[in-house]
Each structure stands twice: as structure tokens, then as C-alpha cells.
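Please read the structure below before turning to the comments.
The values are calculated or read from the model by the stated rules, or taken from the named source; none is laboratory data. For clarity, every value in this text was computed on a predicted model and none was experimentally measured. Here Cβ is always computed from backbone atoms with ideal geometry, including for glycine, and neighbour counts include all displayed protein chains. Surface areas here come from the heavy atoms of the whole protein model, side chains and all, with no ligands, DNA or RNA. Shrake-Rupley method; radii C 1.70, N 1.55, O 1.52, S 1.80 Å.
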Amino acid sequence: MPAPSSVRTVAVVGTGVIGGGWAAHFLRMGYDVVAYDPYPSRVAELVANAWPALSQLG
């Protein structure tokens, strides 16, 4: 098992309100995110809408 500090990619299954929020958070923290959702455009839309607020958080 890799050390937690060496993890650079996370997976999110389901990108509704909760999963999409986690995906956006991980992207904000600099991780690569692999996401699965039956509606693939959902996560892109959620992140695009959230990005201005996430940018303000740093």
C-alpha cells in the first residue's frame, strides 16, 4: 500500500451533490480525479459552477 502522501489520483463513483463536491475539492487540492457517473456531463458542470468559489478558497 502506498504512503498517503504519495497518492496523487483519487476516484469518485457518483458525481451528484456529495460525490461532485468531493471531486471539486480534490481538484482544488491538486489531485488528479477519475470520476464515474451515468451522466458524464454532470461532474464537469458541477466543477465549472463551483470553480469560482473554490478558487477563492485557495
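How much net charge surrounds TRP22 when only the other residues with a Cβ under 13 Å from the Cβ of TRP22 are counted, with Lys and Arg +1 and Asp and Glu -1?
Taking every other residue near TRP22 into account, the sum is 0.
Show TRP51, TRP22 ordered by accessible area, largest first, where the area counts protein heavy atoms only and the probe is 1.4 Å.
Correct descending sequence by accessible area is TRP22, TRP51.
Step through the residues of the stretch 9-22 one at a time and calculate ³J(HN,Hα) from phi using the Karplus curve (6.51 cos²θ - 1.76 cosθ + 1.60, θ = phi - 60°), rounding each to whole Hz and writing x for Gly and Pro.
Karplus values, whole Hz, x for Gly and Pro: 10, 10, 10, 10, 10, x, 10, x, 4, 6, x, x, x, 5.
For the chain, with every protein chain kept in place, what is the accessible area per residue (1.4 Å probe, Å²)?
Value for the chain: 73 Å² per residue.
When each pair of different Cα atoms in the chain is counted once in the 1/r mean, what is the Kirkwood radius in angstroms, to one decimal?
So the Kirkwood estimate lands at 11.8 Å.
Give me the percent of accessible area attributable to carbon and sulfur for the chain, probe 1.4 angstrom.
66
Say we join alpha carbon atoms closer than 10 Å with springs in a Gaussian network model of the chain; which of ALA24, ALA11, ALA48 then has the biggest fluctuation?
Maximum among the listed residues: ALA48.
By accessible area of protein heavy atoms, probe 1.4 Å, what ranking do ARG42, ARG8, ARG28 get, highest first?
ARG8, ARG42, ARG28
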